[in-house]
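Following: one structure in structure tokens, then a few remarks.
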Amino acid sequence: MSRRKIICALDTGDRKEAIEWVKKLSPYAGAFKVGHGLTLPHGLDIIDELKAAGAERIFLDLKFHDIPNSVALAVREAAQRGVWMMTLHLSGGPAMISAAVVEARMIPEPSRPYLVGVSVLTSIDQHVLTDHLGVERKLDDHMMILSKLGVDLGLDGVVCSPEEVTKIRPVIGNGIIVTPGIRAVNADSHDQRRFGDGGTTLALGADYLVIGRALTGKIPPEEALKSLGLDFASA
Ligand code: C5P
């Protein structure tokens with residue numbers, strides 16, 4: 001198992017803690033995921049600080065969702081910061097997705113950031129989707145329809161839970177599949193509602209695993225990865 005498959009989620013607002021995690025976990029993770037928790041207090045300058053601490057690639061997970069003009073502005077700013085990958089919500093619709101793609105493509109290869117779309121968060125289940133959000137479709141079907149829309153419009157890939165990898169793969173062809181919701185068998189699922197272990201998820205065809213609390217907790221990284229079904233020693 002290659003470390004390049006692992007994206008470590010830096011879910012903290014504490015710059016010092018994030019830098020410590022990068023230093024400790026760089027041998028085990030090919031990329032680090034930065035969200036609102038770090039960018040709201042520290043701005044996008046945190047990206048350069050994390051890179052200086054050893055982060056090879058940055059996954060900017062701000063899940064853009066707004067009118068096309070606003071999302072285009074956000075993608076433009078983020079793309080100029082040298083991020084490797086970033087996210088947007090597919091439910092923003094075709095015009096918003098296309099506006100984001102146009103902006104990302106302004107950055108010449110090979111520096112162009114990957115854009116991946118989120119369809120249904122891994123914290124949402126069928127009950128919430130239907131009874132609270134009013135989506136009558138089966139969760140899997142809803143995800144597949146949104147994912148296809150995104151990739152057809154030029155996105156590089158999608159985010160999905162371990163439970164949907166097999167169904168989404170044929171729908172998006174060679175597109176990138178990023179999977180959060182990684183948990184050891186029988187471990188605390190926290191706020192995640194759709195999850196699976198890392199080894200199985202990669203075997204099903206995911207390209208990258210996003211791992212947060214399981215990796216940034218107190219358990220030593222190799223042990224934590226092993227409990228997720230990831231044999232780091234054989235990398
Ligand atoms: O701690 P845990 O491994 O559950 O963290 C998962 C990470 O993946 C979080 O940073 C969360 O924001 C992110 N994520 C997710 N579900 C999505 C998209 C991103 O859990 N659909």
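A short reminder: the numbers here are calculations on the coordinates, not readings from a lab. Treat the numbers as computed from the prediction; the structure is a model and nothing was measured.
Give the separation of the Cα centroids, region 181-235 to region 85-155, in Å.
First find each Cα centre; the distance between them is then 23 Å.
What does the convex hull of the Cα atoms come to per residue for the chain, in Å³?
121 Å³
Show that you can apply the helix-only estimate: for the chain, add -39,500 (n - 2.57) for every DSSP H stretch of four or more residues, divide by all residues, and state [θ] at 222 nm to the nearest 500.
When only DSSP H runs of four or more count, the value is -10500 deg cm²/dmol.
Hey, what do the phi angles of region 167-173 turn into as Karplus ³J(HN,Hα) couplings, whole Hz, using 6.51/-1.76/1.60 and θ = phi - 60°, x for Gly and Pro?
Per-residue couplings from phi come out as 6, 6, 3, x, 6, 10, x Hz.
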